[in-house]
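These notes are about the structure you will find just below.
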Amino acid sequence: MPVKLLTISFFSILLFSACGRKVEVRDYVEVVQRPEQPQTAPQIASASTDPMRAAPLTVEAIPENLPADHPTLQGRLPPSAGGAGPNVMAGRESEVAPAPEVTDLSWDLPPGWKENPGNGMRIAEFYPEPDKPEGLVTLIALSGGAGSLQANVARWRGQIGLDPKGTSDIQHLDGKEHFEFLTLVKESQSMEKPQSLIAAIYQQSGRTLFLKFMGPTEIVASHKIDFLQLASSLDQKETSE
Amino acid sequence: MKKFMVFASIRLTVFCLFWLTVLTFWGTVYQVEHGIYEAQDKFFDSFVLLGFGFLPLPGGMLVMTLLFVNLLFSFFVHYQAGWRMPGLMLIHIGLMMMLLGGFFTKVTGIEATVSLFEGEGRNAALSRTEWEISFADELHSVQAYQAVDFSDLRKRSKVEFRDSELKFKVLEVVQNGKGLRVNEVEKELDVIPKSSADFVAIEKLPKSKTPEDHMPAVRLAVEGATGVEEILLTPRDQRPLGIESEDGTVRFIMLRRKRYELPLFMELNDFSRTYYPGTETPEDYRSLITVHLSEDLQRDVIIKMNEPFRLNGWTFYQQSFAVTDNNSEMSVFAVTRNFGRLVPYWATGITSLGLAMHFLQMQWMQLARRRKKS
């Protein structure tokens, strides 16, 4: 009897351990520091083009069913890029290619600011004071409406510790493009570095652009005029079709 | 007690060793056509394998578990009397250690990749074969994510993330597939899922020999979102999908390669390479990286071919590199974590010692018997 019991228990444990796993949620923090210079997609190094670049490199095949304006196809790789073998580009597919929005936007960088290239939906990053990275301006493009203006404002209010349901004044301004301008300041005395957030939102056909400046109030306040100049200078280039 | 003797039986040992030989041979033949990963999965990582598609047979994991139990029982049943056979006991300990070490490595081991341009830094390695659904409320350079492993997803599984009203239910999960757009779908869809690449359906593709090439896809029902009933995620999306929940917050969700948080932040300062003169054979390529272990503790390390960098069970190998069209270089590191890396060495050492002791003991006993006879 004990042998039977032991055998049944053993196989029952095996059976139950193999199925019905709960979907567990993990937490992690990813830190990515971008290089100074913008990167473009690596080319396949081959002996026929440049022997000094010969490397055991292949790049993931580009799927056939991507639309013509998909970032994967934006001047990335030669048609021969697909292939088998060790995929050194694993996970970098969306990072090395600029988002399509990059190509049709221009802006004037305020003096003293530092600009870094973005990736994916983030078109660019700006540092008004390069030695104080906590004051960061981001330019992000989202396709479609990307949520209502009120929803985004509520989210941003929450990010700097304001009541998401509170009201915020939104100005309608005109630069080279029309945009909505918003200033949020957290005026809590208890915080060591009260946070502020100013943002410009551009509704364009098929996408929404967010130019957002978030950081300690002292940095945000001292560069608000520069930010407005940057926001006003943002322009959509004319594309020849 | 006698009833437990079946687990200490030498017949069980012989059966296990015989069946492992069969599995090894069968798996070797199978992998020629199906690839090493599928062979490993089917023959060695399974408890039960379906032979010829219908016949249930013991898989490698079951046989090795039985062998471990068999060794354990043998150890206590056959050699309990006075430690007269220390060599045999050591052999059993060594073999059990080897099986346990293999299991430990399988459960805790990680194989991933980090690729860095010069001047770039990261604190996470990307899996080559595993995927995750990650969830974030923003997309900054320093970003907290919640994630679920793609391998945990089953049809009808429910996924909920902390601090979010959004609830997801898996409707369709495909290990290797591609997204289809409206004009590529023949049947009429009841619900058009939201996708950042405008995919509306998934086409299942056959498994590839190399799982690195697999592109998974998943379709999820969403509760608590504004204007969205279903979403479709693939690694081809290129950008995260923003979902607005009913409380007005927007969250971002994406299907991407699984991230492993490293115990360091590594920054590539310089990458250099040399070739044997007149050939395309690399003589040496190496990366100078700065390893940040904490806010005020950092050191420079050179990782080059055959000289990996090791830290706290993690090993970073110089694997490969790539060159962009503006001559920027990207260095690629293979990253592994194997806390049981030394176990096979210890196990082999102990087993060898046991064999030597047993051999000498047998010789000694034979000699003693001869002397007694004469």
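The values are calculated or read from the model by the stated rules, or taken from the named source; none is laboratory data. What you see is a predicted model; the values in this text were computed from it and never measured. Here the Cβ is made from the backbone with ideal geometry for all residues, glycine too, and neighbour counts use every protein chain on show. Calculation scope for accessible area: heavy atoms of the full protein, side chains included, ligands and nucleic acids excluded. Shrake-Rupley method; radii C 1.70, N 1.55, O 1.52, S 1.80 Å.
Here are some notes:
- Stretched out straight at 0.36 nm per residue, the stretch from B:A144 to B:M305 would grow longer than its current Cα-Cα span by 54.6 nm.
- Counting heavy atoms of the protein chains alone, B:T279 has an accessible area of about 60 Å² for a 1.4 Å probe.
- Region B:127-263 shape via C-alpha gyration tensor axes, a/c threshold 1.5: oblate
- Heavy atoms of B:T281 accessible to a 1.4 Å probe, total area in Å² rounded to 10: 70
- Evaluated at q = 0.22 Å⁻¹: base-10 log I(q)/I(0), Debye formula over Cα of region A:105-236: -1.49
- Cross-link reach list, aspartates and glutamates versus A:K114, counting only Cα pairs under 17 Å and skipping chain neighbours closer than eight places: A:E36, A:E125, A:E129, A:D131, A:E134, A:D226, B:E120
- Distance from the Cα centroid of region B:89-123 to that of region B:264-330 is 21 Å (rounded to whole angstrom).
- For the segment B:260-271, counting C-beta atoms of other chains within 10 Å of every residue's C-beta and taking the mean gives 1.
- Solvent-accessible area of B:K3 with every protein chain in place, 1.4 Å probe, in Å² to the nearest 10: 110
- Rounded, prolate or oblate (a/c below 1.5 giving rounded, otherwise prolate when a/b exceeds b/c) for region B:1-77 by Cα gyration tensor: prolate
- Ordering B:Q319, B:G109, B:V301 by Cα displacement along the dipole of chain B toward the positive end leaves B:G109 in first place; charges were set at the Cβ atoms of Lys, Arg (+1) and Asp, Glu (-1).
- Violating pairs (Cα-Cα greater than 31 angstrom) within the set B:K106/B:K187; A:K132/B:K167; A:K212/B:K194; A:K176/B:K258; A:K165/B:K194; B:K167/B:K209: B:K106/B:K187; A:K132/B:K167; A:K176/B:K258; B:K167/B:K209
- Here's the list of aspartates and glutamates a cross-link from B:K42 could span, going by alpha-carbon distance under 14 Å and ignoring same-chain residues fewer than 8 apart: B:E33.
- For the options B:F339, B:F265, B:F25, a Gaussian network treatment of chain B with springs between C-alpha atoms closer than 10 Å singles out B:F25 as fluctuating the most.
- Between the alpha-carbon centres of region B:21-71 and region B:127-187 there is a gap of 31 Å.
- Inter-label distance for B:S272 and A:S222, nm, one decimal - labels placed 7 Å from Cα along Cα-to-Cβ: 4.1
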